[in-house]
Amino acid sequence: MKITSISVQAKNQDRVNISVDGQYRFSLDIFQVGDLGVKVGKEYNEEELVELETESQFGKLYGRTLEYCLLRPHSIREVRDYLWRKTRDRRGKEGKLIKGYPASLAERVLAKLEQKGHVDDEKFARWWVESRNLVKGTSLRKLRAELQAKGVAGQVIDAVLAESDRNDESEIKKIIAKKQVRYPDEQKFIQYLARQGFSYDEIKSALASDDNS
């Protein structure tokens, strides 16, 4: 069986359609074509074509997951959860069953994203700490809990928080400035601040400082 044409897709200029013996067989991204050595006139047996179809699926899944990663930084757990959803069978708009991607391809995609530096828990944790409620304020305890929920390891969280300029003294002042007007009852406001991860001593000190300012 022979590759008879390679044509750029109309809707996606980064992928090409591959025809075998005059019939469309699968698509590849433009980088895969060169990496796999696919060219017009080259002959393959059925087993080799099936392997190329697997690479086609890998390229599609990698491209979609890369787009997800580039929307904003994500933790490894977030990307793994995204890929897991892609391995599930689902129903299309017309009720037709669409098979999920093989789990082995999902693992390959995650490994490549990590190798390329697109997924990195330390980079993600640093971005999260630097950007999370920067104006409104967030306690370090809450930042830690959020990162733990994202699957980031404790030692990574410790290192990132240690290098951050954020501290609870300034963070609680931001929250007081934003939220205190909504709580005429001081005890309820204290309870709210406690739920944000601040200790009772931190809260009383911050409120006393605000009263004296």
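Throughout, read-outs are computed from the coordinates displayed, never taken from laboratory work. A quick note: this is a predicted structure, and the numbers were derived from the prediction, not measured. Counting neighbours? That spans all protein chains shown, and the Cβs are built from the backbone with ideal geometry, glycine included.
Return the Rg/Rh ratio of region 63-106 with Cα-based radii and a Kirkwood Rh. Working shown, then result.
Working: Rg = 11.9 Å, Rh = 11.4 Å.
Ratio of gyration radius to Kirkwood radius: 1.04.
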statement: Helix 200-212 sits off the longest principal axis of the Cα atoms of the chain, rounded to the nearest 10 on a 0 to 90 degree scale, by 60
query: Helix 140-149 sits at what angle to the longest principal axis of the chain, using alpha carbons and giving 0 to 90 degrees rounded to 10?
result: 30
query: Taking Cα atoms, how many degrees apart are the long axis of helix 186-195 and the longest axis of the chain, rounded to 10 and kept between 0 and 90?
result: 30
field: Protection proxy ranking of 32-44, 139-151 - average other beta-carbon atoms within 10 Å, highest first
entry: 139-151, 32-44
- request: Could you tally the net charge around N17, taking each other residue with its Cβ under 15 Å from the Cβ of N17, Lys/Arg +1 and Asp/Glu -1?
  value: 0
task: Just flag the GluC sites (Glu not before Pro) in region 45-101 sitting in loop per DSSP whose Cβ has no more than 11 other Cβ atoms within 10 Å.
output: E94
Most mobile listed residue (G197, G92, G154) in the chain, GNM with C-alpha springs under 10 Å: G92
query: Tell me, how many Å apart are the Cα centres for region 63-110 and for region 149-213?
result: 37
field: Cα gyration tensor of the chain - equivalent ellipsoid semi-axes, whole Å, descending
entry: 53, 17, 14
